[in-house]
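The values are calculated or read from the model by the stated rules, or taken from the named source; none is laboratory data. Model, not experiment: these values are computed from the prediction. Ideal geometry is used to build each Cβ from the backbone, glycine not excepted, and the neighbour counts take in all protein chains shown. Side chains included, ligands, DNA and RNA excluded: accessible areas come from the protein's heavy atoms. Shrake-Rupley method; radii C 1.70, N 1.55, O 1.52, S 1.80 Å.
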Amino acid sequence: MNYLRNVWYATAWGEEILPDAMFARTIIEEPLVFFRDQTGRLVALHDRCPHRFAALSLGTWDGATLECRYHGLRFDAAGICVGNPHGPVSKSHTVRTFPVVERHALVWVWMGDPILADAATIPDMAYHDNVPATAFNKGYLHASASHYLMVDNILDLSHADTMHPESLGNGWITRNRARIEEKDDTLFVEWLGFNEPLTPLYVPEFPPGSLSDVWLSVLWYPSGAMVLRSGMSLPGLRQEEGIDTLNSHIMTPETAGSTHYFHSSTRNYRVDDADYNQAMYNGLRWAFEHQDRPMIEAQQKRVGAADLLDLGPALMAIDAAPVKARRILNRLIAAEAAA
């Protein structure tokens, strides 16, 4: 499968990579090993010894050198071999390094040409940094499904009305058609509703029997990172006067049929309520684990190794954003290949 390489892929939450341990994860079918040097700086190497392709993540890192457990070759944080117990060191013993940046509580890795790696192009998720811990929850899930299908699930949120009616949906998304805007190589999708019934999740935050003006949007990046905004106010009020949430839904491809899913949620209300924060985390995670993920993994089995669009699906208006995102991504992949 062809992947976009010249982008920043979310790889882990920063706290997953401990100071005295190595962390292995596969991104776009490339095995990587992450660790921190003696200053705490993150390092990312190809998780493959150049000698006989053993997994370096099964070796040891002492803060200065990584030793392959198979035959004892040692490498520094730049991937240079600094010790070979079986003979002289040669240039062929070098391990590839990858640019890596820790930002917004996430670890981002650049899988393409390192000369093009500009940290300024990392998706803006500063809302992770701008709320107290009691208003920020995050997690990771693995899914046995293509990242294309996982992205589709967020870019078409009409499924919330049918799959999550007890928490996130009450029909308002289906009643209001999405506005879609391409911004350079990103895609913005927005739903607005007026005088709609309260979404079940937010009923406790408003007077009984209230109606609401409601908003929902997704900003998609070609790496699979998405920023989802969701909120509501009493009718006629400005959005700033309502309750508002900013959330991350990041679908990083592991292989053609598997995806790393990083999720987070922040909010502008009950920001000091740790119990509410945990309840929000539990509810949102349950919805994906027990509703979304089983559906998408079953969908993947029906699609198989083919691309969904190649199978001739009976597309509807609600599919416009997922189709546009696929086209943008495929265009960027083709441009990289041509270059």
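If you filter segment 96-113 down to residues that are in contact with a helix residue (DSSP H, G or I) (Cβ under 7 Å, 6 or more places away or on another chain) and among the β-branched types (Val, Ile, Thr), you find that the one that is surrounded by the most Cβ atoms within 10 Å (Cβ to Cβ) is Val107. Cβ-Cβ distances below 8 Å connect the following pairs, each with a first residue in segment 304-332 that is over 10 Å from Leu155 (Cβ atoms), a second residue that is among the small types (Gly, Ala, Ser), and a separation of six or more residues or different chains: Ala305/Ala256; Ala305/Gly257.
Arg238 - would you say it is under 17 Å from Leu157 (Cα atoms), open to solvent by 20 Å² or more (accessible area, probe 1.4 Å) and free of Cβ contacts under 8 Å to residues at least 24 places away in the same chain? First the steps, then the outcome.
Details: under 17 Å from Leu157 (Cα atoms): no; open to solvent by 20 Å² or more (accessible area, probe 1.4 Å): yes; free of Cβ contacts under 8 Å to residues at least 24 places away in the same chain: yes.
For Arg238, the condition - under 17 Å from Leu157 (Cα atoms), open to solvent by 20 Å² or more (accessible area, probe 1.4 Å) and free of Cβ contacts under 8 Å to residues at least 24 places away in the same chain - is not met.
Condition (residue is part of a strand (DSSP E or B), among the hydrophobic types (A, V, I, L, M, F, W, C) and open to solvent by 40 Å² or more (accessible area, probe 1.4 Å)) applied to segment 156-166: is it met by at least one residue? Looking through segment 156-166, none of the residues is part of a strand (DSSP E or B), among the hydrophobic types (A, V, I, L, M, F, W, C) and open to solvent by 40 Å² or more (accessible area, probe 1.4 Å). The residue that is farthest from Gly257 (Cα to Cα), among those in segment 21-40 that are outside any strand (DSSP E or B) and touching a residue at least 24 places away in the same chain (Cβ under 8 Å), is Gln38. Looking across Ser92, Ser57, one residue alone is assigned to a helix (DSSP H, G or I) and over 24 Å from Ser144 (Cβ atoms). It is Ser92. For segment 66-92, a tally of residues being open to solvent by 30 Å² or more (accessible area, probe 1.4 Å) and in contact with a Pro (Cβ under 8 Å, 6 or more places away or on another chain) returns 2.
Would you mind stating whether Ser212 is modelled with pLDDT of 95 or more, crowded, with 21+ Cβ neighbours inside 10 Å, more than 30 Å from Ala10 (Cα to Cα) and not β-branched (Val, Ile, Thr)? Spell out how you get there, then give the answer.
Details: modelled with pLDDT of 95 or more: yes; crowded, with 21+ Cβ neighbours inside 10 Å: yes; more than 30 Å from Ala10 (Cα to Cα): yes; not β-branched (Val, Ile, Thr): yes.
Against the criterion (modelled with pLDDT of 95 or more, crowded, with 21+ Cβ neighbours inside 10 Å, more than 30 Å from Ala10 (Cα to Cα) and not β-branched (Val, Ile, Thr)), Ser212 qualifies.
Just one of the numbered conditions (1) farther than 18 Å from Ala21 by Cβ; (2) open to solvent by 30 Å² or more (accessible area, probe 1.4 Å) is not true of Thr39: (1). Residues in segment 64-89 that are outside any strand (DSSP E or B) and closer than 29 Å to Ile28 by Cβ: Thr65, Cys68, Arg69, Tyr70, His71, Leu73, Asp76, Ala77, Ala78, Gly79, Ile80.
Given the options Ser146, Ser90, name the one that is free of Cβ contacts under 8 Å to residues at least 24 places away in the same chain and among the hydroxyl-bearing types (Ser, Thr, Tyr). Step through it out loud before you land on a result.
Working: Ser146 fails: free of Cβ contacts under 8 Å to residues at least 24 places away in the same chain.
Selected residue: Ser90, the only one of Ser146, Ser90 that is free of Cβ contacts under 8 Å to residues at least 24 places away in the same chain and among the hydroxyl-bearing types (Ser, Thr, Tyr).
All conditions but one from (1) of a type outside the set (Phe, Trp, Tyr); (2) exposed (fewer than 15 other Cβ atoms within 10 Å of the Cβ); (3) modelled with pLDDT under 95 apply to Leu284; the one that does not is (2). In segment 225-235, the qualifying residues are those that are within 18 Å of Ser265 (Cβ to Cβ) and touching a helix residue (DSSP H, G or I) at 6+ places or on another chain (Cβ under 7 Å), and the one that is surrounded by the most Cβ atoms within 10 Å (Cβ to Cβ) is Met232.
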